[in-house]
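Take a look at the structure below.
No lab work stands behind these numbers, since they all come straight from the coordinates. Keep in mind that this is a model prediction, so the values were computed, not measured. Reconstructed Cβ throughout: ideal geometry from the backbone, glycine too, with neighbour counts over all protein chains shown.
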Amino acid sequence: MNTMKAGAQKGFTLVELIVVIVILGILSAVAIPKFTNASKGAYEGVQDATLAALKSAWSVAYATNKGRLPTTAELAAQMQDPACAAATDGLSITCTGVTKNDGTGQATFTVANPTAVASPADITITSIGRGNAS
């Protein structure tokens with residue numbers, strides 16, 4: 001014997017569930033690309049800030065060396081947050097926690113001359129999809 005009153009409903013119909021799933025799909029299709037662009041912007045912001053810090057570290061290294069141009073190793077040694085290290089060839093510097101724009105691996109800051117960084121303008125970064133930033 002059916003004890004439910006006419007018109008009383010328990011649960012959702014299949015059509016209602018499908019409508020909700022379609023709406024969630026549309027929302028996620030719009031939100032995911034925006035989140036990806038926000039992540040790329042955050043990576044670029046960290047890279048720009050680190051580049052500016054490396055350029056400031058050049059001034060400190062130059063003063064510490066009493067007017068002698070700093071090497072990439074001396075420049076990297078001036079950085080504390082983020083901690084940086086010069087490559088063995090002296091042509092690049094990588095810093096802990098500074099990620100490429102696509103989120104893979106560490107970003108690399110390059111210098112023109114491995115034996116002496118002539119000026120802060122010689123420190124650049126090449127990022128995926130961004131070209132040279134200085």
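Numerical summary
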read-out: Computed [θ] at 222 nm, helices only, for the chain once each DSSP H run of length n ≥ 4 contributes -39500 (n - 2.57); value: -15500 deg cm²/dmol
read-out: Using a Förster distance of 41 Å, the FRET efficiency for residue 118-residue 30 (Cβ separation, nearest 0.05); value: 0.30
read-out: Sequence of 96, 72, 13 once ranked by neighbouring C-beta atoms within 10 Å, starting from the fewest; value: 13, 96, 72
read-out: Peptides ranked, highest mean first, by Cβ atoms within 10 Å: ranges 97-107, 22-32, 74-84; value: 74-84, 97-107, 22-32
read-out: Computed over segment 14-133: relative contact order in percent, which uses C-alpha pairs under 8 Å that are six or more apart; value: 21 percent
read-out: Reduced Cα scattering model of the chain, Debye log10 I(q)/I(0), q = 0.16, 0.17, 0.19, 0.20 Å⁻¹; value: -0.80, -0.87, -1.00, -1.08
